[in-house]
Amino acid sequence: MNVTRELHGSKEFNGENVVKLMNNADSLIAELPSDLKQFGRTLKKFNAVRLACFGQTLDDDYQKKIDAFEAAFKKLPKDSLNQFPKFHVVINHVPQFCARYGPLGPYSEQTFESVHYEFLKTWKRFLRPKGTSDYAVQLKKAVVDFNTLRI
């Protein structure tokens, strides 16, 4: 599916790679052995939640999609995943937020995170260890360079 894990830190699938996986969940499910197919089905249900709540519009049936994701998650083998904080947030707090304020997209920090990711590519060319005498000068040069290319 042409997805790659992060090369640094946790080595997780992040950003566009996760979206690719979710958007191709049917293909993933078809490739998984039978004992792992529920993981693919759960991913597909989460993608429906993402599309229903996490963008700029809110689907009328977002609660139904959250409920379907919860049910799929609870079918996973008990020893494979415990309910972790983000699961709790999606099941309990995302519906509360959406009912009160609408979709999550306008409140997302995704745009800022994307900018940070892109800026890191530029910063690597100017990088100096913190505490060195030219750190601030190099940081300013990196910011100017980054912004000059995006005006």
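The values are calculated or read from the model by the stated rules, or taken from the named source; none is laboratory data. Quantities reported herein were computed from a predicted structural model and do not represent experimental measurements. With ideal geometry, Cβ positions are generated from the backbone for all residues, glycine too; neighbour counts draw on all protein chains shown. Note: areas computed on protein heavy atoms with side chains; ligands, DNA, RNA excluded. Shrake-Rupley method; radii C 1.70, N 1.55, O 1.52, S 1.80 Å.
Residue count for the range 124-151 under the criterion of being open to solvent by 100 Å² or more (accessible area, probe 1.4 Å) and in a loop (DSSP other than H, G, I, E, B): the result is 5. When F73 is tested against (1) at pLDDT 90 or above; (2) assigned to a helix (DSSP H, G or I); (3) open to solvent by 50 Å² or more (accessible area, probe 1.4 Å); (4) not small (G, A, S), just one condition goes unmet, and that condition is (3). Hey, among the residues in the range 35-70 that are at pLDDT below 95 and small (G, A, S), which one's surrounded by the fewest Cβ atoms within 10 Å (Cβ to Cβ)? Residue satisfying both the conditions and the ranking: G55. Report whether or not R128 is under 30 Å from F146 (Cβ atoms), under 16 Å from the mean Cα position of the chain (by Cα) and among the basic types (K, R). Here the answer is no, as R128 does not meet what is asked. Just so you know, in the range 101-117 the residues that are in contact with a helix residue (DSSP H, G or I) (Cβ under 8 Å, 6 or more places away or on another chain) and surrounded by 13 or more Cβ atoms within 10 Å (Cβ to Cβ) include one that is nearest to V19 (Cα to Cα), and it is L104. Is it the case that V49 is more than 22 Å from R5 (Cβ to Cβ), touching a Cys at 6+ places or on another chain (Cβ under 7 Å) and not aromatic (F, W, Y)? It is false that V49 is more than 22 Å from R5 (Cβ to Cβ), touching a Cys at 6+ places or on another chain (Cβ under 7 Å) and not aromatic (F, W, Y).
Considering only residues in the range 101-125 that are under 18 Å from the mean Cα position of the chain (by Cα) and modelled with pLDDT of 90 or more, the one that is nearest to T57 (Cα to Cα) turns out to be P103.
Of the set (1) within 25 Å of D35 (Cβ to Cβ); (2) open to solvent by less than 50 Å² (accessible area, probe 1.4 Å); (3) at pLDDT 90 or above; (4) not acidic (D, E), all apply to C98 but (1).
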